[in-house]
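Remarks on the structure that follows.
Each reported figure results from applying straightforward, stated rules to the coordinates on display, with no laboratory input. The structure presented is a predicted model; accordingly, all values stated were derived computationally and were not measured. Here the Cβ positions follow ideal geometry from the backbone for every residue, glycine too, while neighbour counts run over all protein chains shown.
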Amino acid sequence: MAIRITGMYSGLDTESIINELASAQSHKKTKLVKAQKKFSWKQDAWKALNTKVYSFYQKLDDLRLQSSYLKKKSVVSRPSAVQVVSGADTVDGVHTLSVNQLAKRAYLTSGSLVTANGTHFRSGAKLSQLEGMKDFTDGKISVNGALGQTVEIEVDGDMTINDFVSKLQKTGLNASFDEENQRFYISSRDTGKDANFSITANDAGGFKALAALGLMTDFTSDTTSAAAQENAKWASYYDSTGSGLSPEKQAEKDKLIEDLLAQRAAAYKKQDDTLKKNNEELDKANVYNKEELAKLDGYSKYGDISTFKDEDGNSVSTYADMRDALLDKIYGKEQPKKDKDGNDVKDDKGNTVMERNGGLTKDLADKKEALANLKKEGSGATAAQIEAAENAVKDAEKELAQAKDCYSFVNAIATNEEKKAQNQATIDSHAGTYTVNGDKVEGTAALKATITTEVDTKAAAAHAAANGDYLPKNPDGTVNKDKLAHKIEGQDSVITLNGVKYTSYNNSLSVNGMTITAMEETGEEEVTISTTTDTDGIFDMIKGLFTEYNALVNEMDSLYNAESSTGYDPLTAEEKSALSDDEIEEWEKKIKDSLLRRDSTLGNVSSAIRNVMLKGVDVNGRTMYLSDFGIETQSYYKAKENERNAYHILGDKDDPLSWNPEEGAPDLRSMIAKDPDTVVSFFTGLANNMHDELFKKMSATKLSSALTVYNDKQMKEEYDSYTEKIKKEEDKLNALMDKWYAKFSAMETAMAKLESKNNSLSSLFGG
């Protein structure tokens, strides 16, 4: 680029002169830019229209199938009790139905947590704060059946009510705590008797926790529920007299222990195998992570654990420590968050909220702010100062990016190492609990002793619960029933259809092509279901076809017949500055509306789909046309402009442009009722013909992509060609301007030298 000097000595407006000299070349570039802009709008117009064509094409998939038209309609005598959706296979006639029983979820409502002195609890309260839990340490609870299995929950005094709710939810239950009513509301996620669940305790601590949480059941009076029966089973393994269990019960207990031993040993072995394999994968992942880390720009500074130093200059020995130190470098060290008064901010549990507001991130923000201040009008900053500030921002951005890149791999390595350590700890905890002989896994004597203790502990707790030892009591020693849980068992629905009983886990049943949804029990009253061919449904299917076709063909006609926009071109920024926003919008709309005017591709596509509608369809050896079904376009002079190719169904009350058929004229609705097979055959044939024609038009070619009706590939090449042409004209313009600037610069230099000589001569003659 030549040095550009203004008319310092000549006094000429060099900039304006050169712009004028280069105006012809600049005009060429501007013309191309406008043409490309207009072309890009045309691409957008085609994309929008193609989307609508493709949507119509997809709709035809359903309309090509006879099953889509063969609809049945069922009228229910008591719609408040039963809803029915009939399929094509439903047998016509009158059916009788009774809803004997609705399906229900299993529900458990806890007793109230309110204490005797009226204390209420928030969701964040710890279990140790509940009534009767002052000295509570821990306990074990089992949720049975929620996920088709038994899930153990360990509870302790530091666990909050929210934590407990969360653990219940993870077992497959719906659970919440209502602070206003001070109760837990728990339910199965599915309806039906198979969705039943129970919450039981595995030890004395578990029963104590259930009592405090209002989830205890009075096993002294409740003997039929699943929870009561489960508790009674475990209580039967307790030797209450000290004389030993009966031989039969001891044998049952021994078998239970042996079964649990086999299950536990197999589970430990399976878990260990999985964890060992997982650790191998983690090792492979970390080999890759370390290799990729070493490739990063900035590795020597932030990624090499052997040379890395934290903010205090200390070395690190683990990737976990390195990760934490990198966080400090990137975001600054954690500091207590302060409120507007300078006090530490606390969360809802009373813990101090920490935040990071420093490190490389803040350094970059400070440098950006400094640069912005230098660039402000009136700052007095020199070009050198601004350049230095810009370089400082670039350096800070680079350093931050390097640190973040390294952190991502360091974090991955550290996380994998932590997972490995956790896995290994679990594996180590299983040491000595099982042995492997070939394919056989056997529990050891040590594991058997552990399980025996667990069984004895649970049996003793269950016995105590059966005697009412854990029940919440009133001051007079009676049971406080307000503190007890209330359970409603889940149940299946029972529906009788045409004399046959059907059961389902939910309130929906599919039979005879009907989907029946029960909403209330009918008692002794029978509900009638009258099923017939749904003429309205078939009519609506056909009507939907023409609704979408008409919208598409009307738009095509509007685009093809649009007013000319000759003389209108996209506006430059300078041209826009002289107009209002409304004027600009109106100007551009004029152009955009006319982009596909008289477009040959558009005319071809439009003509093709119109011809499909005009052609006949073979139905059982007879060629039939839309007019045979009372479907026609309006006359040329009667129809609105750009709506002359739209079809209307005679007698369609929803169509303001339709008209009632004369006596004897084809009536689609009547034809459907009399001969639905012929109607369906015609319109599936018509839909197939239209689908095939559009498939041809949307097939991929050298000029177009698949599922596209316009030459999108060709248009992209044309657009790229514009880009190349604009670049060439821009290069020519720059070269021309450089040439003129060089000439004017030479003139200015010559004039400066001449002035210098004149001044020297003048001084010699005493001037």
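Averaging the Cα positions of each part gives two centres, and for the range 667-686 and the range 38-97 these lie 17 Å apart. Cross-link reach is defined here as a Cα-Cα straight distance under 16 Å, omitting same-chain residues fewer than 8 places apart; for residue 615 none of the lysines meet it. For the set 37/727; 37/696; 37/716; 337/398; 276/420; 31/732, the pairs lying more than 20 angstrom apart at their alpha carbons are 37/696; 337/398.
For the range 59-160, the tally of Lys pairs with Cα-Cα distances below 27 Å comes to 5, considering only residues 8 or more apart or on different chains.
Restricting the trypsin sites (Lys or Arg not before Pro) of the range 572-619 to loop positions (DSSP other than H, G, I, E, B) with no more than 16 neighbouring Cβ atoms within 10 Å leaves 597, 598, 615. When you restrict to C-alpha pairs under 8 Å that are six or more residues apart and normalise by the size of the range 420-483, the relative contact order lands at 14 percent.
Normalising the average separation of contacting C-alpha pairs (under 8 angstrom, six or more residues apart) by the number of residues puts the relative contact order of the chain at 24 percent. Within the same chain, aspartates and glutamates fewer than 8 places from residue 295 are excluded, and of the rest, those with a Cα less than 18 Å from its Cα are 304, 399, 405. Want the number for residue 381 to residue 77: 0.36 nm per residue separation, take away the alpha-carbon distance, what's left? Taking 0.36 nm per residue and subtracting the Cα distance, the gain is 100.8 nm.
Report, in whole Å, the centroid distance computed from the Cα atoms of the range 596-622 and the range 363-410. After rounding, the separation between the Cα centres reads 63 Å. For the range 434-542, lysine pairs with C-alpha atoms less than 27 angstrom apart, excluding pairs fewer than eight positions apart on the same chain, total 9.
Of all the stretches in the chain, which is the longest one without any exposed loop site, taking GluC sites (Glu not before Pro) in a DSSP loop (any state but H, G, I, E, B) with at most 10 other Cβ atoms within 10 Å? By the stated rule (loop sites, at most 10 other Cβ atoms within 10 Å), 181-376. Stretching residue 284 away from residue 763 to a fully extended chain increases their span by 163.7 nm, per 0.36 nm per residue minus the current alpha-carbon distance. Based on DSSP H segments of at least four residues, each scored -39500 (n - 2.57), the chain has a per-residue ellipticity at 222 nm of -16500 deg cm²/dmol.
Between 214, 202, 225, the Cα set farthest toward the positive side of the dipole of the range 167-255 (charges on each charged residue's Cβ, about the Cα centre) is that of 202. Past 19 Å, Cα to Cα: identify those pairs from 284/309; 38/592; 589/640; 309/333; 47/592; 329/404, in the order given. Too far apart for the 19 Å limit: 284/309; 589/640. Using +1 at the C-beta of Lys and Arg and -1 at the C-beta of Asp and Glu, which of 82, 101, 51 has the Cα lying farthest in the positive direction of the dipole of the chain? The listed residue farthest towards the positive side: 51. Placing unit charges on the Cβ atoms of the charged side chains and taking the dipole of the chain about its Cα centre, the candidate lying farthest along the positive direction among 161, 472, 24 is 24.
Which of the residue pairs 34/368; 338/368; 29/52; 346/419 have a Cα-Cα distance greater than 29 Å in the structure shown? The partial results should precede the final answer.
Numbers: 34/368 36 Å; 338/368 25 Å; 29/52 35 Å; 346/419 31 Å.
Long pairs (Cα-Cα over 29 Å): 34/368; 29/52; 346/419.
Only Lys, Arg, Asp and Glu carry charge here, each on its Cβ (+1 for the first two, -1 for the last two); on that basis the range 668-767 has a dipole of about 280 debye about its Cα centre.
Report the paramagnetic label zone for residue 194: residues of the range 138-153 whose backbone N is under 13 Å from a point 7 Å from Cα along the Cα-to-Cβ axis. Within reach of a label on residue 194: 147-149.
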